[in-house]
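Have a look at the structure below before the remarks.
The values are calculated or read from the model by the stated rules, or taken from the named source; none is laboratory data. None of these values were measured; they are calculated from a predicted model. All Cβ positions, glycine included, derive from the backbone under ideal geometry; neighbour counts span all protein chains shown. Heads up: the accessible areas ignore ligands, DNA and RNA and are worked out on the full protein's heavy atoms, side chains in. Shrake-Rupley method; radii C 1.70, N 1.55, O 1.52, S 1.80 Å.
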Amino acid sequence: MEKRTLKILETVVDEYIRSGEPIGSKLVQEKINMKISSATIRNEMAMLEQLGYLEHPHTSAGRVPTFSGYRLYIENFMPENKLSDEQKEQIDRLFENIDADTDDELIAEAGKALAEVTKCAIITANETSKFSVITKVEVIPTGKRMYVLLLITSGGSIKNRVCRLQFDLTNEQVQFFSRFADENLTGLNLENVSDEFIENLSSALGSYMMMLSPLMKGVAEMSAEMVREKVEVRGEANLITCEQFQGHEIAAILENKNRFTELLNNAFSGINIMFGREDETFVISNSSIITSSFEKDGSKAGSFGVIGPMRLDYKKVIPYLEYFSNKITNLLSSDREDEELLTIEGKNS
């Protein structure tokens, strides 16, 4: 497609995002930085309509972009749009003020910050627990046949569960369980704590199997809960203040976040965009979701999804999303490097 035609499309999309009104050839002529007659612009816009990139509302002489037009616009003009050094410094300062002791907390706070700068709703799909290993399992007596089972991971996550047993455990049995857990569970990746593994481990308890196997089952259930992907929506208030969404549409978005989760999981690396009109199973047709994944140790650790109307300021939102995703990847990787450094120093001391 000729540069002139693409420039006309860019101008139509930019102005429609800004005003929400169908765009006519005269306005394009005023805004475009090229010497083109209004008649030529009308012909070019008619051609863009025939190609499916613009559409012509019946009540107006102007045109609006279709989802194909938005996609062509994004593919051609996003590489030119990057954050300024000042904007990057602003985001860096936001991260410096984040008080997060775990990966989960870091990602949650980053989702809040991304919602703040984009003024959109953000879905975070967090898979970092699959990288964690068990660092401690402890059982604490709390009452008659009542025990608290404590599970701590390398990612800093702590989970506990109250277990009611059929018997009161002796001090010897509690100490045996702690030693057994330390020998067989410490250093084990959470994903490897399967039901089959726990059954085999319970059999190895020998004469203690009847008393202690419920605790082993509790460890398996807590591990599965920690590995299960955490999905959260941030910036819901931004949906409410968005004039382009009706109340029932906002409710549909919030009630069907699992649909967005599937889109986040299926996203390739880099920026991915889905428009509601492209998929009949999408929550609402007048919406878009832009996703970008982040990594830890070279593997996908989760995704951010920006939810907004089709008439979204893509030139603003996409660079922010890219920078946030890269920032989280770097921070998660630096955490890993710090852990390895501490391990090396510990061995040398």
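Compared with the alpha-carbon gap, the fully stretched path from Arg71 to Leu188 is longer by 37.6 nm at 0.36 nm per residue. Between the helical axis of 209-227 and the longest alpha-carbon principal axis of the chain there is an angle of about 20 degrees.
Restricting the trypsin sites (Lys or Arg not before Pro) of region 121-191 to loop positions (DSSP other than H, G, I, E, B) with no more than 13 neighbouring Cβ atoms within 10 Å leaves Lys144, Arg145.
Taking other residues whose beta carbon is less than 9 angstrom from the beta carbon of Ile17, and scoring Lys, Arg as +1 and Asp, Glu as -1, yields 0. Label-to-label distance for His248 and Lys35 is 5.4 nm, based on points extended 7 Å past Cα in the beta-carbon direction.
Per-residue ellipticity at 222 nm, computed for the chain from helices alone with -39500 (n - 2.57) per DSSP H run of at least four residues, works out to -16500 deg cm²/dmol. Within the shell of other residues whose beta carbon sits under 13 angstrom from the beta carbon of Lys144, the net charge comes to +1, with Lys and Arg scored +1 and Asp and Glu -1. Counted residue by residue at 0.36 nm each, then reduced by the alpha carbon distance between them, the extension gain from Leu150 to Asn81 reaches 20.0 nm. Placing +1 on each Lys and Arg Cβ and -1 on each Asp and Glu Cβ, with no other charges, gives the chain a dipole about its Cα centre of roughly 880 debye.
Each of the chymotrypsin sites (Phe, Trp or Tyr not before Pro) that DSSP puts in a loop and that has at most 15 other Cβ atoms within 10 Å breaks the chain; the longest unbroken stretch is 1-166. Computed in the context of the full set of protein chains, the accessible area of the chain at 1.4 Å probe radius has 46% of its extent on carbon or sulfur.
Taking label positions 7 Å along the Cα-Cβ direction at both Phe167 and Glu89, the computed distance is 6.8 nm, reported to one decimal. Per residue, the accessible area of region 140-233 comes to 55 Å², computed with a 1.4 Å probe over protein heavy atoms only.
At most 16 other C-beta atoms within 10 Å and a DSSP loop state: those are the exposed GluC sites (Glu not before Pro) I care about. Give me the longest piece of the chain that has none. My reading of the result: 81-228 is the longest stretch. Our note on the geometry: Cα centres of region 41-57 and region 170-205, 67 Å apart. In degrees from 0 to 90, rounded to the nearest 10, what is the angle of the helix 257-266 Cα long axis to the longest principal axis of the chain? The helix 257-266 is inclined about 90 degrees to the chain.
Take the Cβ atoms of Ile98 and Asn200, set R0 to 35 Å, and the FRET efficiency comes out at 0.25.
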